[in-house]
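See structure below.
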Amino acid sequence: MITELTERNLLLKRFLMVGYGLSEADVEAFIKIIRSKEGKDVDFIASELGISKSRASLILKRLSDAGLIGKQKSTGNKGGRPKYVYSVNRDEVIEKMKIRASELCSDLSSIISGL
């Protein structure tokens, strides 16, 4: 059972890396956000992954550009630069990922047929 779960996680990580051109750090950040009930900010992601805030910002931008996460201005900001909270609309993202997986499988099938 644990082996099956590990294999499923590995397969999901590989899909995200291939299907969306993400790095391992990008995937780790996405998984942390999608598994949380609340949005996460740059500080949280940087701390959790042990990376700088600037690198965490780049990762979150890539995830947002890929359509995997959304961002909202944080409430309770006390002036200065706005802080953003990143979150996932699970149902929407799952549907997007299913479509992308189908497209990749179709492309791969065509490539294999051409061998």
(request) Determine the sum of side-chain charges near residue 50: Lys and Arg each +1, Asp and Glu each -1, restricted to other residues whose C-beta is under 14 angstrom from that of residue 50. (result) -1
(request) With everything on Cα atoms, drop me the angle between helix 90-113 and the longest principal axis of the chain, reported from 0 to 90° to the nearest 10. (result) 30
(request) Could you work out the relative contact order of the chain, using alpha carbon pairs under 8 angstrom and six or more residues apart, expressed as a whole percent? (result) 23
(message) Cut-off 10 angstrom, C-alpha nodes, Gaussian network model of the chain. Which of 62, 90, 81 fluctuates the most?
(response) 81
(request) Grab the DSSP H runs of the chain that are 4 residues or longer, score each as -39,500 (n - 2.57), total them, divide by all residues and round the 222 nm result to the nearest 500 deg cm²/dmol. (result) -21500 deg cm²/dmol
(request) Please name whichever of 58, 114, 80 sits farthest to the positive end of the charge dipole of the chain, dipole taken about the Cα centre and charges placed at Cβ: Lys and Arg +1, Asp and Glu -1. (result) 80
(request) Evaluate the charge dipole of the chain about its Cα centre and quote only its size in Debye, nearest 20, assuming +1 on the Cβ of each Lys and Arg and -1 on the Cβ of each Asp and Glu. (result) 580
(message) If I compute Rg/Rh (Cα atoms, Kirkwood Rh) from the structure I just sent, which labelled value in [x] 1.16; [y] 1.05; [z] 1.93 lines up?
(response) [y]
(message) Compute a Gaussian network model of the chain, connecting alpha carbons closer than 10 Å, and tell me which residue from 13, 37, 53 fluctuates the most.
(response) 37
(request) Return one quarter of the surface area of the convex hull spanned by the alpha-carbon atoms of region 9-52, equal to its mean projected area, in nm². (result) 3.2
(message) Give the residue list of GluC sites (Glu not before Pro) in region 21-88 that are DSSP loop and have at most 16 other beta-carbon atoms within 10 angstrom.
(response) 38
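Laboratory data are not the source of any read-out in this text; all were calculated from the coordinates shown. Remember, it's a predicted structure, so these values are computed and weren't measured experimentally. Backbone-built Cβ (ideal geometry, glycine too); neighbour counts: all protein chains shown.
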